[in-house]
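Laboratory data are not the source of any read-out in this text; all were calculated from the coordinates shown. Owing to the predicted nature of the structure, the values given are computational and were not obtained by experimental measurement. Cβ: placed from backbone, ideal geometry, glycine included. Neighbour counts: every protein chain shown.
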Amino acid sequence: MDRPIEQWQIAKPVARSRKGVVAAQNVRAAEVGVEVLRAGGNAVDAAVAAGFALGVVEPWMSGLGGGGYMLVYLAAEGRVHVVDFSIVAPRALDPSAFPLAGGGRDDDLFGWPAVEGERNVAGPLSIATPGTVDGFGLALERFGTMPWRAVLEPAIALARRGHPVDWWTTLKVAGEAGMLARDEAARGVYLPGGLPPVAAETGTDYLDLGALPDTLEHLATAGRRDFYEGGLAERLAAELSAAGSVLSREDLAGYRARVVAPLSVERGDARIHLLPGLSAGPTFADALARLPAIAKGAPGPDAYASYAEALAAATARRLEEMGHSGDTAGQGSTTHISAIDGAGNMVACTNTLLSLFGSKVLLPGTGVLMNNGVMWFDPRPGRPNSIAPGVRPLSNMCPVVATREGAPWFALGASGGRRILPAVFQLVSFLVDCGLSLEEAVHLPRLNADGSPTIEADRRLPLETIDAVAERLPVAAVEALVSPNKFANPLVVLRDGGGCLGAAPVRMPGAAALGA
């Protein structure tokens, strides 16, 4: 008999506080955000501080060299804003530099047709212009309340101490050790003695993060635009050029994060606010329009079959039509933060290096680990999302903010590449359609419908549910493992009366939701 590999039942408590909650993929970053709330900061201050901290304590997922999106609900306005700090291809990027290998697919997140030398997946040519620093700074400037230095100081302190080594660090580094070893600076930080670090049995060991603490300190003094136009930009451009990247000083200087309006749709008594453009937001809206009414209470076989059909159809359309040159307006190593404060301000922020450790290129003079954003593009020419210079790729990110009768309700998002959308979509339905509590919703088994030929159904689902999906689409029952995680990692905060709730992904060991 095929028994589960992981012989346990896992649950995580829901955090509760009237002063606010921060949910992050690493408990140390959640602690940083909570301390900001306790110091009088709002949800945006907390999310930005936690975001910078995540670049230190979860460096394989995000950092200064990444990009992403943030949804901000401001209670005083009753409005949602989108901060778009997605990555942009270098203007000198040459599509002909990424010839197809003539067979097979890459082994990374999206299974694109293989490119010669995997140069779109790792190494200097995979690097795109990062947006995180400008995006966090713009969000703080427009919607925060605390000074720039104040939100950076916790990350600076963490970086000076170094990255803590635990078993999860060992697992993540070991999985990418072969690629990290190709880059001298990355090898020096993450493979001390040439091997993955191993947690000490007594006390805690820390990895020296090289120049990163000084870079964060410099940013705290010089401001966010120094990363793009000042002395730091000059050093970054020089190091990128020396590494063989085509990302230039001009690319950095021309980068601007932007605030745009959300895509908003109605469902029941909720208004769901999504990312517009080249993200998973339009695909979420498409899938929601295809979803029939779902009965209140725990979702049954018909509900899951409907989720599978709606997601499969919307995702198929997405992969065929969406991209920088497609007709439809507007995949990984990603992290997410959800935050809510006592006034009802909410944030859903997704940030990424794309693959684990991004490009695996660490710039030694600044300590910045760079993204591999070029892998977001389809390497096949003539497609809506094909590799092209100076454009933004199609992203899988899907942060969501929901309001009800104009009042804050919940904010959520997830990491997990193309698995993000199915996870977020089902959680929204569990809360909005089914009327489940936050604790019930985050512990329910889900399915994954991400464009692959076969739907993956959590084997904990009842057999009749899996059979109902199988009547409509090919399906395979798979185990929800700690690693590899097949069902994404959602983080949720929610307003319940005058209180704030939060929940972290059950099968992500270090993730936590903490109350202020």
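Observations, loosely collected:
- Length gained on full extension, GLU250 to LEU195: 16.1 nm, using 0.36 nm per residue less the C-alpha separation.
- For VAL48, VAL189, the sequence from fewest to most other C-beta atoms within 10 Å is VAL189, VAL48.
- Extension gain, ALA313 back to ALA92 (0.36 nm per residue minus Cα-Cα distance, nm): 76.0 nm
- Separation of the stretch 7-78 from the stretch 450-491 is 28 Å, based on Cα centroids.
- In this label model, SER264 and GLU320 are separated by 3.2 nm, measuring between points 7 Å along each Cα→Cβ vector.
- In a reduced charge model with +1 at each Lys and Arg Cβ and -1 at each Asp and Glu Cβ, the stretch 166-208 shows a dipole moment near 160 debye about its Cα centre.
- Calculated FRET efficiency for the pair GLU116/GLU229, C-beta based, R₀ 25 Å, to 0.05: 0.10
- Simple label model, 7 Å out from Cα along Cβ direction - LEU444 to GLN7, nm: 3.1 nm
- Maximal additional length on extending the ASP496-ALA343 stretch stands at 53.9 nm, based on 0.36 nm per residue less the C-alpha distance.
- Each of VAL469, VAL361 has some number of other Cβ atoms within 10 Å of its Cβ, and from fewest to most they run VAL469, VAL361.
- Two-site label geometry, ARG161 and ALA174: point separation in nm, points 7 Å out along Cα→Cβ: 2.5 nm
- With contacts taken as Cα pairs under 8 Å and at least 6 residues apart, the stretch 166-208 reaches a relative contact order of 43 percent.
- In the chain, lysine pairs with alpha-carbon atoms under 26 angstrom apart (chain gap of 8 or more, or interchain): 6
- When the Cα positions of SER359, LEU288, GLY342 are compared along the charge dipole of the stretch 251-379, GLY342 comes out farthest toward the positive end, with charges on each C-beta of Lys, Arg, Asp and Glu.
- Sorted by Cβ neighbour density within 10 Å, fewest at the top, the residues VAL506, VAL115: VAL506, VAL115
- THR221/GLU184 FRET efficiency (R0 30 Å; Cβ-Cβ; nearest 0.05): 0.55
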